[in-house]
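Chemist: Dropping the structure in here first, questions after.
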Amino acid sequence: MERRAFLSYSAAAAGAAPKSAALVNRLESAFTKLEIVDTHEHLLPEAERTAQPVDFFTLAGHYALNDVISAGLGKDDAARVRDPKTPLAERWRLFEPHWKSARFTGYGQCLRIAMRDIYEVEELSAGTIARLNEAIGAKNKPGLYEDVLKRRARIAYAVLDQSFGAKAVRPDPRYFVVAARFDRFVTARGRSGIRSLEELTGESIATLADLKRALEKDFQRAKPLGMIAVKSALAYQRELFFDDVPQAEAEREFEAMMRGERPSPSGFQSALHRPYRKLEDHLFHHIIRLAAEHRLAVQIHTGLLAGNSGYTPNTNPSHLTNLFALYPQVTFDLFHIGYPYQSEMAVLAKLYPNVCIDFCWAHIVAPHAAQRALDEFLETVPANKILGFGGDYRFAELTYAHAAMARRNIAETLAARVERGTIREDDAAELGRMFLYDNPARLFPHPAA
């Protein structure tokens, strides 16, 4: 696939820029033809997506707008940009000055690639935004996923991050398998939080044993809904170290929580102070034991948090080390290359047979950092433990563009190694297939395969 110069990628930042464009293009072409397995998505069901109005600012609202806010777009102006009732010219007027600074980030590149390749808009401007919105609206109809995910992105299937409600239905198996979340059982607070879990599961919860029984019921409910893995995003709420707390201590904490003995901190402090941390730790270990019992891999968010806030030190994958030793039968899929803790991630995956590194989100968070990390991992970690792509988007167009960036990133990194003589071109082709299909398909097999 031919790429314009302003959207090209280079391994120069890794100190290993490939000199042969022909070699890079051959590898990229091979990876573009390859069907891939996408390890992580938030994509809406197609019927839900196509039933609601979608425009450029809807698509930009997932990630790219965060960089526009980081560049200086104020809170009130961001709300007006998001509001479809705001006149289009006004939305662009507020967005455009800060977009000029954010358009070169990984999020900005991904958005521009999607608009160019799918909607044939080369430059985003006041003169093209109305035409772009018309094109997005015209394509927002049944068949979108078949075109964008299957035909363009060549995604065999994706692992969908899912918290099932009381009336959950199985996501379309043509596109998805499921990594189910159970974090709400870990972080439930007080009687109101427990009441929500009772409504979800139909179980009465008065003791810790009752809470664990409700969790187990929800776990069983998720299996026929397509669950092939467990997902946790607790790094958004707390540190990732989970002590192995005895049952008796956890029971005392549960009773104290039900009595409301300790107030929960608000805002930023809640990431640092967990009044019932021992209870949380105990319940998280119970989830891992359930995953072990059902032979499911566990996906865990590590590294950078989405949005425009968050306490990054909580997300260091090294905090999880005790889990890898305690549960050697469980495979842990650690997300987002742990960015900015890539080297810690390399050490963990090198030492522990049950730790894999996942590049989901990484190619758009920091494209050159992802290249540098892959170059490091190739010399540090066995190649069967590297998962090359996860879109991590709500909108299919952006998943397509992220996949294009991932294929190019991997091609450039491997081409540089071919030129340095550490691998052959046929090795590079094999490695690309491992990262993009073989490894994730082995860890997250589709039931129909």
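The values are calculated or read from the model by the stated rules, or taken from the named source; none is laboratory data. From a predicted model like this one, the values you see are computed outputs, not experimental measurements. We place every Cβ from the backbone using ideal geometry, glycine too, and count neighbours over all the protein chains shown.
Chemist: Using beta carbons and a limit of 8 Å, which pairs, at least six apart or on different chains, have the first residue in segment 195-210 and under 19 Å from L279 (Cα atoms) and the second one aromatic (F, W, Y) and surrounded by 16 or more Cβ atoms within 10 Å (Cβ to Cβ)?
Modeler: L197/F185; T207/F254; L208/F254
Chemist: If you don't mind, there's one more thing I want to ask. From the set of residues in segment 231-270 that are polar (S, T, N, Q) and touching a residue at least 24 places away in the same chain (Cβ under 8 Å), which is nearest to V178 (Cα to Cα)? So that I can check it myself, show each step before the final result.
Modeler: Just the residues of segment 231-270 that are polar (S, T, N, Q), to begin with: 232, 237, 247, 264, 266, 269-270.
So of that shortlist, the ones also touching a residue at least 24 places away in the same chain (Cβ under 8 Å) come out as 232, 237, 247, 264, 270.
Details: S232: 13, Q237: 22, Q247: 30, S264: 32, S270: 29 Å.
Within segment 231-270, the match that is nearest to V178 (Cα to Cα) is S232.
Chemist: I'd like to check something: does segment 360-372 contain any residue that is surrounded by fewer than 24 Cβ atoms within 10 Å (Cβ to Cβ) and within 21 Å of A156 (Cβ to Cβ)?
Modeler: no
Chemist: Tell me yes or no: at least one residue of segment 339-348 is within 23 Å of K33 (Cα to Cα), among the β-branched types (V, I, T) and over 17 Å from the mean Cα position of the chain (by Cα).
Modeler: No, segment 339-348 contains no residue that is within 23 Å of K33 (Cα to Cα), among the β-branched types (V, I, T) and over 17 Å from the mean Cα position of the chain (by Cα).
Chemist: Here's a follow-up. Taking the residues in segment 28-66 that are within 20 Å of P445 (Cα to Cα) and within 19 Å of the chain's Cα centre (by Cα) as candidates, determine which candidate is surrounded by the most Cβ atoms within 10 Å (Cβ to Cβ).
Modeler: Ranking the qualifying residues of segment 28-66, first place goes to D38.
Chemist: Considering only segment 121-134, state which residues are under 21 Å from R49 (Cα atoms) and surrounded by fewer than 17 Cβ atoms within 10 Å (Cβ to Cβ).
Modeler: A130, R131, E134, listed by residue number.
Chemist: Evaluate the following for F31: is it touching a Leu at 6+ places or on another chain (Cβ under 9 Å), more than 24 Å from A158 (Cα to Cα) and outside any loop (DSSP other than H, G, I, E, B)? Break it down into steps so the answer makes sense when it comes.
Modeler: Numbers: touching a Leu at 6+ places or on another chain (Cβ under 9 Å): yes; more than 24 Å from A158 (Cα to Cα): no; outside any loop (DSSP other than H, G, I, E, B): yes.
No; evaluated as a whole, the condition is false for this residue.
Chemist: Return a yes/no flag: does segment 167-189 have any residue that is at pLDDT 95 or above, part of a helix (DSSP H, G or I) and exposed (fewer than 15 other Cβ atoms within 10 Å of the Cβ).
Modeler: Yes, the conditions are met somewhere in segment 167-189.
Chemist: Continuing with this model, one more query. Scan segment 416-437 and tell me whether some residue there is β-branched (V, I, T) and surrounded by 24 or more Cβ atoms within 10 Å (Cβ to Cβ).
Modeler: Checking segment 416-437: not a single residue is β-branched (V, I, T) and surrounded by 24 or more Cβ atoms within 10 Å (Cβ to Cβ).
Chemist: Looking only at segment 233-246, decide whether some residue is charged (D, E, K, R), modelled with pLDDT of 95 or more and loosely packed, with under 13 Cβ neighbours inside 10 Å.
Modeler: yes
Chemist: Say we look at segment 239-280 and pick out the residues that are in a helix (DSSP H, G or I) and more than 27 Å from L326 (Cβ to Cβ); which of these is farthest from the chain's Cα centre (by Cα)?
Modeler: R259
Chemist: Also: Among residues belonging to segment 75-106 that are among the hydroxyl-bearing types (S, T, Y) and more than 18 Å from V54 (Cβ to Cβ), point out the one that is farthest from the chain's Cα centre (by Cα).
Modeler: Top of the filtered list is S101.
Chemist: Sticking with this structure for a sec: Quick test for you: out of H301, H273, pick the one residue that is in the same structural domain as R221 (by TED's automatic domain parsing) and modelled with pLDDT of 95 or more. If you could, list the steps in order and put the result at the bottom.
Modeler: Numbers: H273 fails: modelled with pLDDT of 95 or more.
Of H301, H273, the one residue that is in the same structural domain as R221 (by TED's automatic domain parsing) and modelled with pLDDT of 95 or more is H301.
Chemist: Which of the following residues is outside the structural domain of P317 (by TED's automatic domain parsing) and over 16 Å from E28 (Cα atoms): A448, A366, A362?
Modeler: Only one candidate qualifies: A448.
Chemist: Checking E146 against (1) in the same structural domain as E397 (by TED's automatic domain parsing); (2) part of a helix (DSSP H, G or I), which single condition isn't satisfied?
Modeler: Only one criterion is unmet by E146, namely (1).
Chemist: For R195, are the conditions met, namely being in a helix (DSSP H, G or I), more than 27 Å from the chain's Cα centre (by Cα) and at pLDDT below 95? It would help to see each step written out before you state the result.
Modeler: Numbers: in a helix (DSSP H, G or I): yes; more than 27 Å from the chain's Cα centre (by Cα): yes; at pLDDT below 95: no.
No: the conditions fail for R195.
Chemist: Go through (1) without any contact (Cβ under 8 Å) to a residue 12 or more places away in the chain; (2) outside the structural domain of Q220 (by TED's automatic domain parsing) for A78 and report which single condition fails.
Modeler: Only one criterion in (1) without any contact (Cβ under 8 Å) to a residue 12 or more places away in the chain; (2) outside the structural domain of Q220 (by TED's automatic domain parsing) is unmet by A78, namely (1).
Chemist: Sort out which residues of segment 53-75 are in contact (Cβ under 8 Å) with a residue 60 or more places away in the chain and in a helix (DSSP H, G or I), and write them in order of number.
Modeler: Passing the criteria: F56, T58, L59, N66, I69, S70.
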